[in-house]
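First comes the structure, then the notes that go with it.
The values are calculated or read from the model by the stated rules, or taken from the named source; none is laboratory data. Here the structure is a predicted model, which is why all the values come from computation and not from measurement. Backbone-built Cβ (ideal geometry, glycine too); neighbour counts: all protein chains shown. Keep in mind that these areas ignore ligands, DNA and RNA; they rest on the heavy atoms of the full protein, side chains included. Shrake-Rupley method; radii C 1.70, N 1.55, O 1.52, S 1.80 Å.
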Amino acid sequence: MPVAKKKRITSPPDPSTSEPSSPVLPEQHVFHQYLRTLAQSAVRIVIETVMREELDQFIGASWGECNPKRKGYRNGHYTRDLVTSTGRLEEIHVPRDREGEFHTQTFERYSRYEPHIAEGLTQMFVAGTSTHKVGEVAQTLMGVAPSASTISRLNQTLTQQFEAWRERSLQAHWRIVYLDGIHFSIRHGDKADSTIILTALGVDLAGNKEVLALRACAQEDKDGWACLLQDLRRRGATHIDLIVTDGHDGLLAAVSELFSATPRQRCLVHKQRNVLNAIPRRERGEVQAELVGIWEQPSKQEALIQLAAFKAKYTRRYPEAVRSLVEDEEHLLTFYQFPAAMHRHIQTTNAIESLFSNVRQRTDQIDVFTTETSCLAIVWATIQDIRLHKIAVE
């Protein structure tokens, strides 16, 4: 009789000798949120610890310490939220003293953002980033977008800095001052109107350029320019070697009244444009070459000879063009009083137009400014940022 085969019994694997299974990793966004929570917890601990130490120093005694030199007593804490680079921290415990005189230096008293966060958001506006885009970036980096009231507060801070800037003292002696008006759109009620920012750009004795004054006006007239020039004098700018302007009647009247002894150079680009407007298009190329030839002469005497030849040639054919040229003739060639190396820089107001072309590249996303004050503040901040960037590059 055949012997029955024994059933093979397979014993379960020994857990101690089996290969370990791969751990289940959390999804990426869950892991990032976990890290952010850890970072927020750490930041909260650091901030609250620093504030408690600040209060210790302010009072002059640690918690529970008997010290005859102490200046006051603790009075619990209050809570507030703060947006940091790690996200929003809710209900941070801010210690306080019994007299209510202690204010932490960890953040500004009424700010809801860390100083460098507020500065970063402000710089985004200055760089020409739209409000919507600023919100998107803040939401991505910090998990919270700035509210309309926050943006208003940031702009208010910018405005305060601008007001301090416009009241600063100026040095007395300036080599050149350029004057020109630049148009921006500002909302007044339900409508947007063109507003002019009157601008004074100075060049000091070392050749450094600096915006001296900005003033918003509904229209470019004598009163507006007179206020700006009086402001320059009030803040100390009393000695100017040369003023460069376009031919606006109000501007010329204000300059004649307040800086009558200062030589003035008429912007040749504006003057050339005025003359050519009275010339038929088919002949503008030839006439323009002759105009430019006048102020490209090596000396004033030779320039005057070319100017006389131009008038003789075109007086009968284009009397309006010649009239436009000679109405400001005494100020067309003022640049010859200065070194030849300066001529190219003082023949026009291009220094201001070039500066504002860079400003507009950043502010074009702001279709319409809500107020004259916000327009001035943002334009000023943009100019400062461009200047600092240029210095850093150089």
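Numbers at a glance
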| quantity | calculated |
| --- | --- |
| Top-ranked residue of region 55-88 - restricted to ones that are touching a Gly at 6+ places or on another chain (Cβ under 6 Å) and buried (at least 16 other Cβ atoms within 10 Å of the Cβ), ranked as modelled with the lowest pLDDT | 87 |
| Residue within region 234-243 that is under 18 Å from residue 261 (Cα atoms), hydroxyl-bearing (Ser, Thr, Tyr) and within 22 Å of the chain's Cα centre (by Cα) present | no |
| Residue within region 254-271 that is acidic (Asp, Glu) and either within 19 Å of residue 332 (Cβ to Cβ) or open to solvent by less than 50 Å² (accessible area, probe 1.4 Å) (or both) present | no |
| Residues satisfying the stated conditions in region 326-350, i.e. assigned to a helix (DSSP H, G or I) and of a type in the set (A, V, I, L, M, F, W, C) | 326, 335, 340, 341, 342, 346 |
| Residue under evaluation residue 304, criteria (1) closer than 23 Å to residue 337 by Cβ; (2) hydrophobic (A, V, I, L, M, F, W, C); (3) within 41 Å of the chain's Cα centre (by Cα), criterion not met | (3) |
| Candidates 236, 247, filtered to the one that is loosely packed, with under 14 Cβ neighbours inside 10 Å, farther than 19 Å from residue 376 by Cα and out of contact with any Phe, Trp or Tyr (no Cβ under 8 Å at 6 or more places or on another chain) | 236 |
| Failed criterion for residue 230 (all others in (1) surrounded by 20 or more Cβ atoms within 10 Å (Cβ to Cβ); (2) in a helix (DSSP H, G or I) hold) | (1) |
| Residue identified as surrounded by 13 or more Cβ atoms within 10 Å (Cβ to Cβ) and modelled with pLDDT of 90 or more among 312, 351 | 351 |
| Every residue from region 212-248 that is of a type in the set (D, E, K, R) and closer than 22 Å to residue 291 by Cβ | 246 |
| Residue pairs meeting the criteria (Cβ under 8 Å; at least 6 apart or on separate chains; first farther than 11 Å from residue 373 by Cβ and acidic (Asp, Glu), in region 156-168; second modelled with pLDDT of 85 or more and surrounded by 13 or more Cβ atoms within 10 Å (Cβ to Cβ)) | 167/235 |
| Residues of region 354-380 classified as in a helix (DSSP H, G or I), at pLDDT below 75 and out of contact with any strand residue (DSSP E or B) (no Cβ under 9 Å at 6 or more places or on another chain), total | 1 |
